[in-house]
Amino acid sequence: MMKNVVRRYVHCLCKIYFPLFLLLIALSIWAAAPTLKLFKSIDTNLSRLLPEDNKTVISGDLINAKKINNQGVTLVFEFPEPKIGEQYIPTIAKYLKQSEYVSEAIYEREGFDFFQKNGLLYLDLKQLEELYDEVDQEIQKKKLGDLYVDFEEDTTANENNGLKDFRSRFNLGFSAFPSRYYNNKDETTYSILVHSPVESADFPYMLRTMQDLENLLNNLPLLKEKNITVYYSGGFATKLNEYNTLMHDLRIAGIIAMIGITFFLTWRFRRPDALLYIFIPFFCALTWSFALTHHVIGSLNIITSFLFSVLFGLGVDFGIHLLSRFWEEMQKNNIEDSLYTLLMTAGRSCITAGTTTAITFLLLVFNDFKGFSEFGFIACTGLLLSIVAYFVLMPCLFLIVNYFKIGPPVKKVEPLIHFFDSLIPHSKLIVRISVILLLVSLISSFFFLHFEYDFKKLNARIETASIAKQKMRESVQGGNTNAVILLEDENHLPLLKEKIDEIKKEDGAITAGFFSYADMVPTDYTKKTEIINRIEKLFDSEVFKLLDEEEKKEVDEFQKMFHPQRVTQEQLPAIVEETFFGNKKIPGQLALIKPDSTIELDDGKNAIRFFNEIGSLNVDGKTYYPSSSTLVFAEVIRTMLRDSKRTIPIAFIAVFLILLIDFRKLKETFFVLIPLLSGFLLMFGGMCLFQIKLNFYNIVVLPSMLGLGIDYSVHFYHRYVYEDHHALKIALHKTGSAIFITAMTTIFGFAGLIFANHAGLQSLGILATLGISSCMLTSLLFFPCLIALIEKRHSKKSALTETSK
C-alpha cells in the first residue's frame, strides 16, 4: 500500500511541480514579514521563562502595576576631582529636562533631610546601645592613646578608621547615606535619575530616548571643558544593551553557521546547484515555522532567540541525505523512478529520524519551563515543516532542473571512505578502547558532573555596561534585592511580620527583616532619645581637640542627628507613601522582605533557599506570594530542574517507541540505540574533562540530543540493512559520508553560539557541539566497528557450522 501511495504522489508531482513550486515560494514570501517582526520582539526578562499562571509571576505583575515604576535611565557623571560635581550636577539636570523624553531629572535623594535628622530613631534599642558602646570605645582610644588596652576578644573594632565613615560602618539605617546627592564615597561620580514621561516604553522608544540623551550631552560644552565622563546604566540602557548584545550574538552565530554549512556542502557535492536544492526548501520551511511562532507565541525568549541558527543545522540534514541518494539513483534510473526510490529509501530514513527528533522536541512543549516548551514548539514545527519542504519543494526543484536537461554529477566526493576502510580491520581494538572510554565517562559523571547555579557566570559580558553598572551602584547605593508583597488586608501586616520574625530565627536563614508603612513611624521615642542624649554627651570639647579634620567633619554630620523629632505618618516624606502605596487605583499596600545583605543571591542555591523561606506565606487562611528578581530566578531554576527530570526519561521512551514501530524488532531497536547512549556517555565524559557545567541555558541540549543523536544511527542502519552485499562498506561510503556532513552542518548551526558574548548561550553552543560530535563519533566509529565485529563472529560460526556438516 505504501508503495502505491508513494508512486501516485511522485506521478502527481511530475504533473503539477511548477505551479506547486510557485505557490510555496509565494507562501514563503508572505511568511517573511511576521518572521521579521518576531525577531524584533525578543523578551530577555527571566519571568518570560515561567508560565503565565505561575503564582510568583502573577504576584509580580500585580506588584509592578501597584508600584510607581519610573522608567528611564541613570546617567553617571565622573568628575576629575572630588566634590566639584555638587557645583555642576544641578545645571546638567536642568539642561536634560529640555528633552521631550525626560519628565524628571533627579539628582538629590528624596527625603534626605528628614532621614538625616531622624535616622537614629530607626535603630532599635539594642542597636542604639551598641552604637553608644562603639562611640565610647573610639573616644577612649583617642583620649588614652597608646595607654588604651582593649580587653574584648573581638579585634574587629581595631581594624576601622576611628571615627571616620562610622555611619556606614555602624549601618545607621536610613541615615547611612553620607550625602544628599547620588554620589560615591570619594565624591567623584554623581548620578542623575532620568525618568521617562511614558509608563510603558517599547524598544524603539527606548532607542530614541538614548539617542536624544546622547546627542544632548555630546553638545554640552561643560562636559568637555571640565573633562567629565558620562556612563549610561539601568533601565533603558540595560535593556538596550541586553537586546543589542543578543542581536549581535545572533548575527555572529548566523554568519558562522552559514559559512560553515556552505563550506561543507560545497566540499561534499562540488556543485553550486546543490546549495540551491538544499537552501531553498530550508529557508521556506524556516519562514513558515517562525511565521507560525509569531501567531501562536508572539515573541521569542532568550533561549529560543537563537533557534534559527540551530534549525539551519538540523533542517539541511534532510536535504543532504535526499540529494545524495537522488544523484546516486539518477546515475541508473529516470527522474520518476529516481524520485520513487529516493522517497522509499532515504525518504523513509528521513521521516523516521525527523519524526523521532520532532517528537522529542514536541514533548518539551508539555513543560512549565518556557525555555523547554517554546524551544520544543519552534524546533518541532521547524523540523516537521522542513520535512514537508524537502519532500515537496526539493522534488519540484529536481523536476525543474531535469526539464532543462541538467544531469547529476558523475562523481561525488566521499570524505570518509579511506578513513573508515583503514579502521574496519581494527574493529576489535576500537570496540575495546571505546568500551573503556565509556566506562570512564560513566564513572566520572557521578563525581565530576555539576550544575552551575551562579547566575553572574551566565550573563552577557559587556565590559562598558559592567563599568557603568558598578559606578551607578557606587553612587546611587540604593539597589537591593528586597522581595515585595502586596497586601489587600492591612490586618495581616502584624501576622506577616510575626511569621517573618519566626523565619529569621531559623538556623542559616537568609531572610533578615520585614518592613511596611507602619514601620516607618519609629517606636520607643522616649527611650531612644535618652540613649541618643548619652551619645551626644560623649562628644565634649576635649574630644574635638583630639580629632583630625576628616573625623571632625564626620562628627559634625553625626551631631545633626542628636535632636530628632517625634515622627508621625503625616511628617513622613512623600517618597515613603509612594513607595508603600504606589498606584492608589489598585487597592492594598506594599511591604518589603529584606534578605541578609551578606548573602550572594546571584548564587542560585542561595536564591532557592530564600524562595523556600518566603516563596509562599500563609497567614489567617490567605497565601501571599512575594516577588522579586531573585525569587523569579529561583523559580526559573526550580521549574527547569523539575521539568528536566521528567522530560528526559519521557523523551527517551518516545524515541524507543518510534524506533520499535520502524524496525518492528526489539533486538534491532536496542541495537540502534547503542550509538545514542554511547554518545551521551562520551558527552558527559567530555564535560567532566573540560569542566563544563550544566546550567538553565544549556540543559535544553539534553532532551534535544535524544532526537538529534538517534538520527545518525537510524540512517546508517537503514542503509546497512537495505544493501545485500558489502553492506557495511556501502553504508560507510555512502550514508556514512552524508552523516558526517550532516553532523558538521548541525555542529556549525550551534557552534556560532560559542562566540557569543552571552555566557549562557555560549555554554549552550559548547555543550551542543560536544554532544553532536560525540554522537557522530559513536555512530561512525564505534557502531560500524561493532557491526564489523558481529559480522566476523557470525562468519566464524557459519564456517564452523559448514565444517561440522
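Would you point out the residue of segment 319-361, among those that are touching a Gly at 6+ places or on another chain (Cβ under 8 Å) and open to solvent by 10 Å² or more (accessible area, probe 1.4 Å), that is nearest to TYR717 (Cα to Cα)? So the residue we want is ILE359. Residues considered: ILE378, ILE443, ILE387. Of these, the only one that is open to solvent by 70 Å² or more (accessible area, probe 1.4 Å) and either outside any helix (DSSP H, G or I) or at pLDDT 90 or above (or both) is ILE443.
Look at (1) hydrophobic (A, V, I, L, M, F, W, C); (2) in contact with a helix residue (DSSP H, G or I) (Cβ under 6 Å, 6 or more places away or on another chain); (3) modelled with pLDDT of 90 or more and you find that LEU601 fails only one, number (3). For LEU36, the requirement of being open to solvent by 70 Å² or more (accessible area, probe 1.4 Å), assigned to a helix (DSSP H, G or I), of a type in the set (A, V, I, L, M) and over 30 Å from VAL392 (Cα atoms) is not met. Scanning segment 585-618 for residues that are open to solvent by 10 Å² or more (accessible area, probe 1.4 Å) and over 29 Å from ASN695 (Cβ atoms) returns LYS585, ILE586, PRO587, GLY588, GLN589, LEU592, ASN618. When LYS117, LYS83 are screened for being part of a loop (DSSP other than H, G, I, E, B) and open to solvent by 20 Å² or more (accessible area, probe 1.4 Å), only LYS83 passes. Collect the residues in segment 55-64 that are open to solvent by less than 50 Å² (accessible area, probe 1.4 Å) and in contact with a Gly (Cβ under 9 Å, 6 or more places away or on another chain), keeping them in residue-number order. Once the filter is applied, which keeps residues that are open to solvent by less than 50 Å² (accessible area, probe 1.4 Å) and in contact with a Gly (Cβ under 9 Å, 6 or more places away or on another chain), segment 55-64 yields THR56, ILE63.
Within segment 481-488, not a single residue is open to solvent by 40 Å² or more (accessible area, probe 1.4 Å) and without any contact (Cβ under 8 Å) to a residue 24 or more places away in the chain. If you check GLU134, GLU130, GLU108, GLU138 for being open to solvent by 80 Å² or more (accessible area, probe 1.4 Å) and either under 30 Å from MET561 (Cβ atoms) or at pLDDT below 95 (or both), only one passes: GLU130. Would you mind telling me which numbered condition in (1) surrounded by fewer than 24 Cβ atoms within 10 Å (Cβ to Cβ); (2) of a type outside the set (A, V, I, L, M, F, W, C); (3) out of contact with any strand residue (DSSP E or B) (no Cβ under 6 Å at 6 or more places or on another chain); (4) farther than 15 Å from ALA31 by Cα THR293 fails? Among (1) surrounded by fewer than 24 Cβ atoms within 10 Å (Cβ to Cβ); (2) of a type outside the set (A, V, I, L, M, F, W, C); (3) out of contact with any strand residue (DSSP E or B) (no Cβ under 6 Å at 6 or more places or on another chain); (4) farther than 15 Å from ALA31 by Cα, the lone unmet condition for THR293 is (4). Check whether at least one residue in segment 300-316 is among the β-branched types (Val, Ile, Thr) and not in a helix (DSSP H, G or I), and report yes or no. Yes, the conditions are met somewhere in segment 300-316. Apart from one condition, TYR697 fits all of (1) open to solvent by less than 10 Å² (accessible area, probe 1.4 Å); (2) under 30 Å from LYS66 (Cβ atoms); (3) not β-branched (Val, Ile, Thr); the exception is (2).
For segment 202-255, a residue qualifies if it is within 33 Å of the chain's Cα centre (by Cα), over 30 Å from GLY752 (Cα atoms) and basic (Lys, Arg), and exactly one does: ARG208.
Of all the numbered requirements in (1) basic (Lys, Arg); (2) in contact with a helix residue (DSSP H, G or I) (Cβ under 9 Å, 6 or more places away or on another chain); (3) outside the structural domain of ILE302 (by the TED database), LYS97 misses one, and that requirement is (2).
The values are calculated or read from the model by the stated rules, or taken from the named source; none is laboratory data. All figures in this text were calculated on a predicted structure; none of them were measured in a lab. Every residue, glycine among them, receives a Cβ derived from its backbone with ideal geometry; neighbour counts consider all protein chains shown. SASA here: full protein model, heavy atoms, side chains in, ligands and nucleic acids out. Shrake-Rupley method; radii C 1.70, N 1.55, O 1.52, S 1.80 Å.
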